[in-house]
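Colleague: The structure's right below; bear with me while I get my questions together.
The values are calculated or read from the model by the stated rules, or taken from the named source; none is laboratory data. For clarity, every value in this text was computed on a predicted model and none was experimentally measured. Ideal geometry is used to build each Cβ from the backbone, glycine not excepted, and the neighbour counts take in all protein chains shown.
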Amino acid sequence: MSEDGCSPRKVIAMTTMTMAQSWWPKAAERWSESERRLLGLLDPSRLPAHVAVIMDGNGRWARQRGLISRIKGHEAGIESVREATRTCAELGLRVLTLYAFSKENWARPSAEVSALMNLLSRFLVAERDELMENNIRLRMIGAREDLPDSARRALDETMALTAGNDGMTLNLALSYGARDELARATRRIAEAVERGELRPEQITPDVIAQHLDTADLPDPDLLIRTSGELRVSNFLLWQIAYAEIHVTPVLWPDFRREQLLSALVDFQGRERRYGTVRDLNES
Ligand code: FPP
């Protein structure tokens, strides 16, 4: 027993806790025990810089609860968006990309499309204080011009308001399709060739990457897909070349901090080889 009454075992436990907590976000004090346990498993030096998420399963979530409208699932999904954004910013990740509306989603019933656009506009206005408080910059990828005026206005205003923030970037994929993005990039490259600014032999993977919507962002290290589907659904096809993929059966509205932390723990258990082999002298 030490002078202040702590047993050696308790002192060791407290020291370990303090060491584990030294990099922890302040907010972790309020997290649940299981969330803090997962946080304790993370190595802060190996966190992904960029996490991309295919948020799937809102409709099934609503159906499972006997709700007639799928829109209830999208509404519930907003809270998951909020929690994922806040948690990633608190952990110090550089970029979080959320697949909020695909090019293909325009083919959904018009009532659902309108509801999603309304939700988006409301979210973009309601989250402004939170984005500013957490030093988060908002940006988007996709065909901005496809969005209705109200959503475009809310988006532009929130992007302008947060443009000076230098913490995490929240990147919303809106009216986004990877093939569409690649076609737009190819068109711009062809125009540069036509103007004589670029020769065909100068078109390298870097040049293509510089013409994508994500030109100023690192490639995703981790791609998360909820609801158990094993597809990439036309999302960031070029950029996920070496991303680790984490698929969880959890539906998006149930994907909260604990599930996000589990995905990060899973990511840190992967060996990233980028097409090379492990050093034979290792282990
Ligand atoms: C897929 O679920 C989800 C979407 C098409 C939209 C995701 C949108 C949100 C989470 C809310 C709005 C987002 C922001 C950022 C404001 P699904 O409808 O395909 O579900 P299902 O496969 O179970 O039918």
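Colleague: Any idea which residue in segment 21-62 is nearest to the ligand (Cβ to nearest atom), counting only those that are part of a helix (DSSP H, G or I) and of a type in the set (Ser, Thr, Tyr)?
Modeller: Ser34
Colleague: Of everything in segment 94-123, what is within 9 Å of the ligand (Cβ to nearest atom) and of a type in the set (A, V, I, L, M)? Give them in sequence order.
Modeller: Leu98, Ala100, Leu116, Leu119, Leu120
Colleague: Looking at (1) near the ligand (Cβ under 9 Å from one of its atoms); (2) of a type in the set (Val, Ile, Thr); (3) in contact with a Gly (Cβ under 9 Å, 6 or more places away or on another chain), can you tell me which one Val81 breaks?
Modeller: Evaluating Val81 over (1) near the ligand (Cβ under 9 Å from one of its atoms); (2) of a type in the set (Val, Ile, Thr); (3) in contact with a Gly (Cβ under 9 Å, 6 or more places away or on another chain) leaves (3) as the failure.
Colleague: I've got another one for you. Out of the residues in segment 162-188 that are away from the ligand (no atom under 16 Å from the Cβ) and surrounded by 19 or more Cβ atoms within 10 Å (Cβ to Cβ), state the one that is farthest from Ser114 (Cα to Cα).
Modeller: Ala185
Colleague: Out of segment 78-101, which residues are out of contact with any Ser or Thr (no Cβ under 8 Å at 6 or more places or on another chain) and among the basic types (Lys, Arg)?
Modeller: Within segment 78-101, Arg82, Arg86 qualify.
Colleague: Quick one: count up the residues across segment 204-238 that are charged (D, E, K, R), surrounded by 11 or more Cβ atoms within 10 Å (Cβ to Cβ) and either part of a helix (DSSP H, G or I) or touching an Asp or Glu at 6+ places or on another chain (Cβ under 7 Å) (or both).
Modeller: 4
Colleague: Another question, then. Is it the case that some residue within segment 136-145 is surrounded by fewer than 19 Cβ atoms within 10 Å (Cβ to Cβ), in a helix (DSSP H, G or I) and either touching a residue at least 24 places away in the same chain (Cβ under 8 Å) or of a type outside the set (Gly, Ala, Ser) (or both)?
Modeller: yes
Colleague: For segment 153-203, enumerate the residues that are among the hydroxyl-bearing types (Ser, Thr, Tyr), farther than 21 Å from Pro218 by Cβ and in a helix (DSSP H, G or I).
Modeller: Scanning segment 153-203 gives Thr158, Thr186.
Colleague: Of all residues in segment 126-138, count the ones that are within 11 Å of the ligand (Cβ to nearest atom) and of a type in the set (A, V, I, L, M, F, W, C).
Modeller: Counting residues in segment 126-138 that are within 11 Å of the ligand (Cβ to nearest atom) and of a type in the set (A, V, I, L, M, F, W, C) gives 2.
Colleague: Quick one: is Ser150 closer than 21 Å to Val125 by Cα, part of a helix (DSSP H, G or I) and modelled with pLDDT of 95 or more?
Modeller: In short, yes.
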